[in-house]
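Quick notes on the structure that follows.
The values are calculated or read from the model by the stated rules, or taken from the named source; none is laboratory data. Owing to the predicted nature of the structure, the values given are computational and were not obtained by experimental measurement. Here the Cβ positions follow ideal geometry from the backbone for every residue, glycine too, while neighbour counts run over all protein chains shown. For the accessible areas, the whole protein counts, side chains as well, though only heavy atoms, and no ligand, DNA or RNA atoms are used. Shrake-Rupley method; radii C 1.70, N 1.55, O 1.52, S 1.80 Å.
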Amino acid sequence: MKEAINHKIDVIKSALNTVLIAFFAVCGYIYINFAALGIFEFLVALLGAVLLAVAWSALLYLFDKFLKELKNANS
């Protein structure tokens, strides 16, 4: 049981890290290519960054919820 819980925690942490790295990659792309981007490309990249930030927040919320449920189950 404990091994399964640790696996779930590792999976969620990996997902958080992956989304965060993708967010920084999109922000870096915008920063490096800012002068060359047209308005459409800039807005698409900005939308991508916002969606990644929302996805990261949702994953963080789910991780926190999972940890609270785990704490209540062990009490």
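Converting phi to 3J(HN,Hα) with the Karplus coefficients 6.51, -1.76 and 1.60 and the offset θ = phi - 60°, the range 33-47 yields 9, 4, 5, 8, 6, x, 5, 5, 5, 5, 5, 5, 5, 5, 4 Hz in sequence order, with x at every glycine or proline. Axis of helix 2-32 versus longest Cα principal axis of the chain: the two differ by about 10°, to the nearest ten degrees. Mean-square fluctuations from a GNM of the chain, with a 10 angstrom spring cutoff on Cα atoms, peak among Gly28, Gly38, Gly48 at Gly38.
Placing +1 on the Cβ of every Lys and Arg and -1 on the Cβ of every Asp and Glu, with no other charges, gives the chain a dipole of roughly 300 debye about its Cα centre. Using a probe radius of 1.4 angstrom, the carbon and sulfur fraction of the accessible surface of the chain is 71%.
Result for the chain in a Gaussian network model with C-alpha springs under 10 Å: among Ile32, Ile12, Ile21, the largest mean-square fluctuation is at Ile32. For the range 1-52, applying the loop criterion from DSSP together with a ceiling of 14 other beta carbons within 10 Å to the chymotrypsin sites (Phe, Trp or Tyr not before Pro) yields Phe34.
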